[in-house]
Each structure stands twice: as structure tokens, then as C-alpha cells.
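The block underneath contains the structure these notes are about, expressed in C-alpha cells.
The values are calculated or read from the model by the stated rules, or taken from the named source; none is laboratory data. Remember, it's a predicted structure, so these values are computed and weren't measured experimentally. FYI the Cβ positions are ideal-geometry reconstructions off the backbone, even for glycines, and counts take in every protein chain you see. SASA here: full protein model, heavy atoms, side chains in, ligands and nucleic acids out. Shrake-Rupley method; radii C 1.70, N 1.55, O 1.52, S 1.80 Å.
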Amino acid sequence: MADRVTVIGWDGSPLTGTARAALGAATLVAGAAHHLALPEVPPTAERVRLGSVALAARRIAAHRGSAVVFADGDPGFFGVVRTLRAPEFGLEVEVVPAVSSVAAAFARAGMPWDDAQVVVAHPRTLRRAVNVCRAHTKVAVLTAPGAGPAELGLLLEGVHRTFVICEELGTEREQVTVVTSDKAADHTWRDPNVVIVIGGPVTAGGSGGWIAGRDPGAGPRGWVQPDASYGDGPGGGLGEGETELLRAAQLARLGPRVGDLVWDIGCGSGAFTAEAARAGAAVIAVDRDPGACARTEAAGRRYGVQLQVVQGTAPHVLENLPEPDVVRVGGGGAAVVTAVADRRPQRIVTHAATRDAAELVGRDLTEHGYRVECALLQSVELDTRTWSETERSVAFLLTGELLRREAPR
């Protein structure tokens, strides 16, 4: 095992005395091509081109002597330190930090970033990174080959975002470009790069928050809001199957989270759409009624969430939508549920007014490889001044959970 391993963060600034001393004693240096070309690298040291960090870690673990590993930005922030310290390699490392590429990108853009989400995009996680960009107003994306600005722009089709693309930060070839998301695929971008994705009004004022990223306490408390909260949009009022307790049950069954894409089909007032978005998920709301679409957009503005509204009739309108993780079917019946099941989301939730309708949907979900649960939900509202019944609602709540584990998308 290497006698000493020093990880040096590099942001283009002159190397510190500590970094120079570690390099002077190194018998092995690992890094990207521009790191290995630095004049401070000893000419007698073994040089390892850093592609796979795991392969480099095995080489370092077998090395006898002092090793140095270069990394762009802060090596402890989505960097090589985590891999090098994995128990399988047995390496103890010393870290010389640098400004992270995310901090440098926001500095170049002249923007604060304590309110930004930060995600890593590579081919395996690109889809989830895009969903975060759909759901949040300010996201920094650490990209990788095959999951860069062009791919982000293509997957954000139909959603307007502004990209601040920072290429090769800290080098002589550093460049910052501002484009709209629909134009990002028209260019070839140099690696490495960081993309700041902006999707709404961004202001520099205010006193800031208390937690980095999205404030989990923003907005009113509660998973769902009272029915009366959604009665003042265009057309007003909640539709069938949108009562507060049913929405709470649907939200609990689906469990939308950051990185998910939720379809809300038959969005009605936009109540469920807004509440799923408040959970941090990206949401596409679908309805054939222009009034419902307008109410949903109003609900999104009211609660300060990003969402996409698509007017059209299901199931035909679903064909061109990106792949969902979980789906609420608020209208359309068995035909829409069948079309949704064909897209293989992890969970589907819907409701029915009668047992016969519930059985029909349940059988269809079972035939599509879903484990089906059904519960009869009955709620009775009471006037607490007289403790008399004011309203009663009954619905069959159906949940389908995909049994066969699908390959990651």
C-alpha cells in the first residue's frame, strides 16, 4: 500500500506550499492530462491517467511510495475522496482542497448558490438530473461525457430553461456561455463543464435562507391543503376525486420525491399536481379541459412550484411524454390506466366510484404485472359547532406497484 496519499484539488490557481511539497515527494501522480502536464509534477514519478477512479485506486493501493491524486475543484464534493477512502482499497488520504467547480461556476455567473440544487449527471443518472431541473428554479449540474448540456436540453423539451454553461473552468480555455435550453443541442461543448439551469425569477436580494438548496419548510405546513385553498382559480372548485383526504392517501401511496417525474392525468383543479411538486418531484399535469389547465397553472404559481401543464386527451396525449416514475390517474378510466401501465411506472394510483369499476381497473393492472391494493375510503366531515355531519364521500382507492424490477432508466 502507498506510504502516503495526498489528494490535491485544482481550480487553476497556483499550487499551495502544501501541494508543492506533496508533489515533490511523489513517486506516483494520478490525474487528468492537464494535471499531469503541470511543471511541478516530478519527471521521475510514475504517471497514471485518471479515467476510472476505482482502477487508479487499486494501482495506488499496490504502489510502494508516496502518491498524489489530482482532481478538478474540491475533491471532497462529488469527487475522488469518497472512492479512495472506500474500505476495499484501505487508503488513508490527506486532502488539499480547492474551490469547487460549482462555486466557481456561480462566481463566474455572479449569482448566489446557497439556494441551488446540485446534481451529478452521467448516462445512468441523466434522467433524474433532468427531473430536478424540471422541478426547481436553480440547479447546478456536474456533467459527464454523454450527459452534458446538449443531452440536458434535449430531455427538457417543452420546458423553457436558461443554461449558463461553464466550460473548462480554471484553464486558459475557460468559457462561459448563456443559451436557452432548446438551443443547447445546437453546439458541441467541451468537457469538463458545469451547467447552471435557471427556470424562474432569480433575485440577488433578500437575507438568504437557513439551509442550502430547497427549503423544506417553505410554504404552508401539511402534505395537502384544505379543499377551500383550490376554489379560487378560473372556474373554481375541486373536481371528482380531489377531496383532501383522498389526495392525502394518493400522495402517501405514490411517495413522490426529488428526482422523480410524476404524471397527474386529469389534473382538475391542480391540487394534487401542486402538492406533488411541493414534495420536490417534477410533475407533468394533463387535462383536456382548458379551464383545468389554467387552474393547475394558477395552483403552481400560488405555491411557488415549477410544473408543466399539457392540454390534451388521454391516452393519446401521453405518447410523447417523457417516462414517468409514478402516476396518478384522476380521470379517463380503465383505458387510461392501461396506457399508463404500458409505460411501466413504478407505481400507479387511481380511484373508482363503484366496486365494479375498481375490479375492472384492478384486473387490468394485475395483467400488466402490478401488485394491486384496493381500499374503500369513507370520510365524514363534521361541523364542530354542533358535531353534526356536513358532508360524506366514498371512493375506492387503487394502487398498483410494479412487481418485476425494471432496469434503471
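A few notes on this one:
- Only Lys, Arg, Asp and Glu carry charge here, each on its Cβ (+1 for the first two, -1 for the last two); on that basis the chain has a dipole of about 940 debye about its Cα centre.
- Based on DSSP H segments of at least four residues, each scored -39500 (n - 2.57), the chain has a per-residue ellipticity at 222 nm of -7500 deg cm²/dmol.
- A dipole drawn for segment 1-58 from +1 and -1 charges on Cβ atoms has a positive end, and of Ser52, His34, Thr16 the residue lying farthest that way is Ser52.
- For segment 279-322 and segment 338-409, distance of Cα centres in Å: 20
- Ranking by accessible area, most exposed first, for Ile60, Ile211 with a 1.4 Å probe: Ile211, Ile60
- Legend: Rg and Dmax of segment 117-214, from Cα coordinates, 13.2, 39 Å.
- Peptides 358-366, 310-318 ranked from most to least packed give 358-366, 310-318, packing being the mean of other C-beta atoms within 10 angstrom over each peptide's residues.
- Counted by Cβ distance under 12 Å from Gly148, the other residues give a net charge of -2, where Lys and Arg count +1 and Asp and Glu count -1.
- Shape summary of segment 44-181, radius of gyration then Dmax from alpha carbon positions: 17.1, 55 Å.
- Evaluated with a Cβ-only charge set (Lys, Arg +1; Asp, Glu -1), segment 224-296 carries a dipole of roughly 220 debye about its Cα centre, given to the nearest 20.
- Exposure rank, largest accessible area first [Trp223, Trp113, Trp10; 1.4 Å]: Trp223, Trp113, Trp10
- Charge tally for Arg247 (other residues, Cβ to Cβ under 15 Å; Lys, Arg +1; Asp, Glu -1): -3.
- Taking Cα centre as origin and charging only the Cβ of basic (Lys, Arg, +1) and acidic (Asp, Glu, -1) residues, the dipole magnitude of segment 1-154 rounds to 440 debye.
- Positive-end residue, the chain charge dipole about Cα centroid, Cβ charges, pick of Val176, Thr354, Ala298: Val176
- Taking the chain and dividing mean pair separation by its residue count, relative contact order in percent (alpha carbons under 8 Å, at least six apart): 11
- Candidates Val99, Val130, Val195: whichever shows maximal mean-square fluctuation once the chain is modelled as a Gaussian network with Cα springs under 10 Å: Val99
- When all protein chains stay in place and ligands, DNA and RNA are ignored, the 1.4 Å accessible-area order of Phe70, Phe396, largest first, is Phe396, Phe70.
- Percent accessible area from carbon and sulfur atoms, segment 105-222, protein chains only, probe 1.4 Å: 53
- Inter-label distance, Glu367 to Thr83: 4.8 nm, where each label sits 7 Å from its Cα along the C-beta direction.
- Antiparallel bridges, percent of DSSP beta bridges restricted to the chain (to nearest 5): 50
- Dipole axis of the chain (+1 Lys, Arg; -1 Asp, Glu on Cβ), positive-most option in Val159, Ser229, Ala314: Val159
- For the chain, alpha-carbon Rg over 2.2 N^0.38 Å: 1.19
- Hz values of 3J(HN,Hα) by residue in segment 176-187 - Karplus curve (6.51, -1.76, 1.60), Gly and Pro given as x: 10, 10, 10, 9, 7, 4, 6, 9, 5, 6, 7, 10
- Solvent-accessible area per residue, Å², over the chain with all protein chains present [probe radius 1.4 Å]: 48
- Computed accessible area, Leu377, all protein chains, 1.4 angstrom probe, square angstrom: 60
- Centre separation in Å (Cα based) which lies between segment 1-77 and segment 141-175: 27
- Largest-first principal axis extents of the Cα set of segment 246-331 (Å): 26, 26, 23
- Coarse-grained scattering of segment 1-118 at q = 0.11, 0.12, 0.15 Å⁻¹, given as base-10 log I(q)/I(0) from a Debye sum over alpha-carbon atoms: -0.36, -0.42, -0.63
- Cα-only Debye scattering, segment 207-297: base-10 log of I(q)/I(0) at q = 0.14, 0.18, 0.21, 0.24 Å⁻¹: -0.50, -0.80, -1.03, -1.26
- Local electrostatic count, Val118, Cβ distance below 14 Å [Lys/Arg +1, Asp/Glu -1]: 0
- Taking N as its residue count, the alpha carbon Rg of segment 341-397 over 2.2 N^0.38 Å: 1.54
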